[in-house]
Structures are given as structure tokens and as C-alpha cells.
Amino acid sequence: MIDPEQKVAVALTIDVYSASHRSGSAGVKFRNGCGVLDRHEFVAQGEVPSPFAAVVSALRSRFTIEEGAPRTVRRTWLDTFDWRVHRAGLTLEHLTDAGRTELLLSSPSGLRISGESGGSTEPGRADRLGAGPISDRLAPIVGARALLAVAESEGTLRDARLTNQDGKTVVRISVEDGFTATALAPRVTLTPVRGYGREAKRARRLLASVPGFEPTSESRLDAALAAGGRHAGDYTGKVDISLDGSAPASVALAAVLLRILDMLEANVDGVVRDLDTEFLHDLRISVRRTRSGLTLAGDSLPVGLAARFAVEFKWLGDLTTPVRDLDVYLSGLDATIGESGEGEALQPFRRYLARRRRAERRRLLAGLRSRRFATLTGDWRAALLDVSDHSVTDEPTAADLAAARITRGYRRIVKRGSAITSASPAEDLHALRKRCKQLRYLMEYFASLHDPGSHHKVIKELKSLQDCLGRFQDSQIQREAITALADQMAVEQAVPAPTLLAMGKLSAGLESRQRDARGEFAGRFNRFASAKTARMITALPVRAAS
């Protein structure tokens, strides 16, 4: 029995084939075969003791109905932590129906691909799904991220067939209700048989005439997420905060840093469980964003606050560096093994890196579980929440702070980059990359105060320069790491000659990549340092006064 106080809804989904999607008809278009599939859903508010009986009663006046036996159905929806499947306009569902399991990939545009599930509701990365169209479609979307359960439901499903006077099936019905452990509404799906669109429309009209039924566009996934207090896209790695340009600079900066702290803490569990390497990557980005804010705008906060926490966030950055570096090495090595055919020769090196990662992870976990980390995040949150109580009336506004610090950051990059020549040491390019990162983070902080068009164009040029500098620095760091690791391997164990030769080839390839990046630098920097980009920087604060 459904509690009437909860006002649980009954969702009725009707899939109707038609030649076109007529205006005024509630539903969503789906391409399927030769026609267009109009999917109609209805919600009946209030208590519905027996949804299947209610639907059958409404339809029996015009159709003969053959009822099927009830069965248990369990649904688990999968996505990455940062909702990459959802952002690609897709839905991935693991379905267990009467003991049979399958994966179903679908989209509002009508895509529907089913495949074997392998029995696991959390298969990990898309490339672990096994060869097939689902893996092929998801792999470039998911990348290194793990597929995780984001919502679940378990209920009773019952099918029925609607037949005409000739005994032919014209519409199929499935009613899902009796959900356990989840406050979901019973859901009824009406699917027409091709060629019987008129009968499907008649079935839809009969259901629409039942008192209390209302159309809805909420999907099964959205309903299951809502029942668990979530919604699709509830985590993002972006600093998605809207600032008031007239607010005190300290209050605005504290709001941004609080948002970044939320993202940092959201990734801790995934790092501890080692679900995928991107959790640590996102955590480190949050640390770098925070450190950049303290360095470039920390003087806007109450006196002494930035200096107090800068030391602790440096500790956290240093704590997370070794594992992240090894993740990058292993990822790059796996890609190289796949491309070069040096798999067997490089396996001893890969095993060595994996052992190093396990050892460094133990140190990382000890740090994340330590009192120091708990004190850092707790005290930092309390300090930021307290900032608004210490703001002063004569301090700069958020718009003033954004314009001044971004302009200064841009000018420093232009000055430092203009001094770099072909003879400049690698350290000069590394220092410039650091400045570029800091400017990128500042622009993320204050994006809501910027003209969107100018902001996008500046970010595009800045990212192009960053990517070039990143390839240069990463290639050098990895090349130096390979040399150091080879020496350590030689000390700790006998290294096969083919492994050393293969590592030498890796190093040579990285050196070539670094040389190419150095050759691209001048052109990318000149575009970023151009008068056009400078004008776009000036145009950023258009929306600051709004």
C-alpha cells in the first residue's frame, strides 16, 4: 500500500509510432526505424493500491488484454563520477530481469544498444566491458574514469498484451511497481506494435481520461536519482559559482574557495577506494586552485589567513604528487606498449612502477586519514565561512579584484614569455607554465563576472599555450624519471637488457616530443601575447557591474 501522505505518482509511459511529431502532443520524439516514436508519460497523483489493475481496467473497454506473470526486475544505472555518460546525452543501465542480465545504452534520439553485462553492476572502465558496440561507443567518452552505480531500483514488473478483434497484438504494456528500499512511483509503459498507431493513440486517450493523470517527462533514471536525493550532473569539476560583482572581494573569494573545498572533499572517498585515477587528479586540481588563490588574491582575505593555510595546502600538494606522477607514467607506458609492440620488454618496468605506486599509495592514504588532513579541511571551511563577518566596507569589490588580478597575471605572462629565446633554459618555460596555470584558475574563479564570449576566447588561447608548455615540461619530467627509475631498478634488481633498451627508446621518444613542443612555443605564445588577446582581456569585465 502506498502512503497517501507521500503523494506517490504513477508514471505511465506510452510509446507511439507516428509519421511526424504533432504540436500539442505531450511527449518526446525518438527516431526508430521508418517512423518517429512519440513517447508519452503520465503521472497519477495519490494512492494507487494496484496500478496494474487500474491500467487494465481503463483499457479493457476497448481492448482484449492477455496478462503475464509478475517477475522481479533490478535496474542499476551507471555513469562516471563526473557524469560523462549523461553529458554525452546517453543513459547506461544494467538490467536484471528474471535472472537474465544485460547492459542497455540508450539516448533520447532513439539510440538503443543492448549487450552482455558480465554480471557486474560496476564494471570499472568502459574498456573492461568487453568488445562490442557498447564498449566502442563509451570508451572515448568515459576515458580513464570508472563506471559506477549512480542509482538503483528493484521492483515487480508485469507485462500484458492488448489485442484487437482479430486477436492480433496492437499494444504491449509493462507495469513496474512494488519497489523495495526506494520510494519510486509505479511506472506503466505502453509500447505500440508497428502498424497499429491508431490503436496506440486510442490506448493513450483512454489512460489520459482517467481522473488525476498528468503528463510528465521524468525518466526512470531521474526518478531514481531524485528518490535518493540526487540529480544528474550533481558533481562537476568546474568552479560553477555565480558571484555578485559588487560584493566585497573577500566575501567573493571565500565563496569561490568554499566551492573548491567542496570539490576537494568530494573526491577523497574515490581516492581512498582507488576507483580510478581521475579522483586524485581532480583532488590535486582543487589543491592547486586553492594555492593559486592564496598566492594571487590571498591578501583580500583577513590578515594572516592566507599565510596560515598556504603551508598546509603545500603539504597536501606534496603528499599527492608521487602517486599522481606514477599514474601518469603508467598511463603513458600502457599507451606506448599498445602502440610500439614493446609490451614484453617493458613489463618489468611496468611491474616496478606498479610496486612503487602501491608503496606511495600507502603513504598517501595515511596522510588523507590523518588528523592533520581532517584539521586542515575543517579549519579551512570554518575560516572561510567566517570571512563574511570580517569584511570591511572600504575593501575592493569582487569586480575590482577580478579585473586587477587577471590583468596583472596576463601582463606577467607576456613579460616573462617575451624574454624566452631558443637559448633559454627549460626552467624558464616551466616557470611560465606555472604562471599560465595561475591565470587560468583566476579566470575560472571570476567567470560569472565576465562577458562569456571574451572569456571563452581568452581561455582558448591560454589553453593552447598551456598545452604546448605542458607537453614540453611533462616530456622532460618523464624522461628524467625514466633515467632515475632505470638506475633504481638496476640497484634493486637485475634488469633485462631488452627492458633497458626499450626504456631507452621511450626516453628518446619523449625527447623528440619535447623538442617538437619547444618548436611550437613561439607561435602559440605570440598569439596569446597579441594585441587581439590583450583587447579581449580588457573586455572581460563587461558583466562585472551587473
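The values are calculated or read from the model by the stated rules, or taken from the named source; none is laboratory data. Note that the structure is predicted; figures quoted are calculated from it, not measured. We place every Cβ from the backbone using ideal geometry, glycine too, and count neighbours over all the protein chains shown.
A few comments on the model shown:
- ARG357 vs. criteria in contact (Cβ under 8 Å) with a residue 24 or more places away in the chain, at negative phi and either in the same structural domain as GLU265 (by TED's automatic domain parsing) or touching a strand residue (DSSP E or B) at 6+ places or on another chain (Cβ under 7 Å) (or both): yes
- Of all residues assigned to the stretch 80-100, at least one qualifies as being assigned to a strand (DSSP E or B), over 17 Å from ALA224 (Cα atoms) and in the same structural domain as LEU129 (by TED's automatic domain parsing).
- For the stretch 166-193, a residue qualifies if it is touching a Ser or Thr at 6+ places or on another chain (Cβ under 8 Å), closer than 15 Å to HIS40 by Cβ and crowded, with 21+ Cβ neighbours inside 10 Å, and the qualifying residues are VAL171, ILE173, ARG187, VAL188, LEU190.
- Boolean, ARG412 is part of a helix (DSSP H, G or I) and either more than 29 Å from VAL328 (Cα to Cα) or among the hydrophobic types (A, V, I, L, M, F, W, C) (or both): yes
- In the stretch 161-168, the condition of being among the small types (Gly, Ala, Ser) and modelled with pLDDT of 85 or more is met by at least one residue.
- Restricting SER448, SER454, SER475 to those that are under 24 Å from the mean Cα position of the chain (by Cα), among the polar types (S, T, N, Q) and assigned by TED's automatic domain parsing to the domain that holds GLY519 reduces the list to SER448.
Table: residues versus (1) without any contact (Cβ under 8 Å) to a residue 40 or more places away in the chain; (2) more than 16 Å from ALA58 (Cβ to Cβ); (3) of a type in the set (Phe, Trp, Tyr).
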site: THR169; (1), (2), (3): yes, yes, no
site: GLU176; (1), (2), (3): no, yes, no
site: ALA181; (1), (2), (3): yes, yes, no
site: ALA185; (1), (2), (3): no, yes, no
site: LEU190; (1), (2), (3): no, no, no
site: ALA200; (1), (2), (3): no, no, no
site: LEU206; (1), (2), (3): no, no, no
site: ALA223; (1), (2), (3): no, yes, no
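- Hits in the stretch 498-521 - residues which are aliphatic (A, V, I, L, M), surrounded by fewer than 14 Cβ atoms within 10 Å (Cβ to Cβ) and more than 12 Å from PHE349 (Cα to Cα): ALA508
- Exactly one residue out of ARG405, ARG357 is in contact with a helix residue (DSSP H, G or I) (Cβ under 6 Å, 6 or more places away or on another chain), of a type outside the set (Phe, Trp, Tyr) and within 30 Å of GLY523 (Cα to Cα), and it is ARG405.
- Within the stretch 422-441, tally of residues that are in a helix (DSSP H, G or I) and more than 22 Å from the chain's Cα centre (by Cα): 13
- Residue within the stretch 299-308 that is among the β-branched types (Val, Ile, Thr) and assigned to a helix (DSSP H, G or I) present: no
Here's the yes/no breakdown for (1) buried (at least 21 other Cβ atoms within 10 Å of the Cβ); (2) farther than 23 Å from VAL171 by Cβ; (3) β-branched (Val, Ile, Thr):
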residue	(1), (2), (3)
PRO51	yes, no, no
ALA58	no, no, no
ARG62	no, no, no
GLU66	no, no, no
ALA69	no, no, no
ASP79	yes, yes, no
ALA98	no, no, no
LEU103	yes, yes, no
GLY110	no, no, no
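- Conditions (1) within 13 Å of PHE446 (Cα to Cα); (2) surrounded by fewer than 21 Cβ atoms within 10 Å (Cβ to Cβ); number of the one not met by GLY270: (1)
- Check on ILE285, closer than 30 Å to ALA404 by Cα, surrounded by fewer than 21 Cβ atoms within 10 Å (Cβ to Cβ), modelled with pLDDT of 95 or more and outside the structural domain of GLU154 (by TED's automatic domain parsing): yes
- Any chance LEU319 is touching a helix residue (DSSP H, G or I) at 6+ places or on another chain (Cβ under 8 Å), surrounded by 19 or more Cβ atoms within 10 Å (Cβ to Cβ), modelled with pLDDT of 95 or more and under 30 Å from ASP244 (Cα atoms): no
- Residue under evaluation SER448, criteria (1) out of contact with any Lys or Arg (no Cβ under 9 Å at 6 or more places or on another chain); (2) assigned to a helix (DSSP H, G or I), criterion not met: (1)
- Picking from residues in the stretch 255-291 that are outside any helix (DSSP H, G or I) and not polar (S, T, N, Q), the one that is nearest to VAL150 (Cα to Cα) is LEU275.
- Failed condition for VAL323, given (1) in contact (Cβ under 8 Å) with a residue 12 or more places away in the chain; (2) hydrophobic (A, V, I, L, M, F, W, C); (3) touching a Pro at 6+ places or on another chain (Cβ under 8 Å): (3)
- Extreme residue, modelled with the lowest pLDDT, among residues of the stretch 124-140 that are closer than 21 Å to HIS281 by Cβ and surrounded by 15 or more Cβ atoms within 10 Å (Cβ to Cβ): ASP127
- Close pairs from the stretch 360-381: first of a type in the set (Val, Ile, Thr), partner at pLDDT 95 or above and surrounded by 15 or more Cβ atoms within 10 Å (Cβ to Cβ), Cβ under 9 Å, at least 6 apart: THR375/GLU312; THR377/LEU261; THR377/LEU264; THR377/VAL268
Results for (1) surrounded by 15 or more Cβ atoms within 10 Å (Cβ to Cβ); (2) within 19 Å of LYS532 (Cβ to Cβ); (3) in contact with a Phe, Trp or Tyr (Cβ under 9 Å, 6 or more places away or on another chain); (4) of a type outside the set (D, E, K, R), shown as yes or no for each residue.
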| site | (1), (2), (3), (4) |
| --- | --- |
| ALA399 | yes, no, yes, yes |
| THR407 | yes, yes, no, yes |
| ILE413 | yes, yes, yes, yes |
| SER424 | no, no, no, yes |
| GLU427 | no, no, no, no |
| GLU444 | yes, no, no, no |
| HIS450 | yes, yes, no, yes |
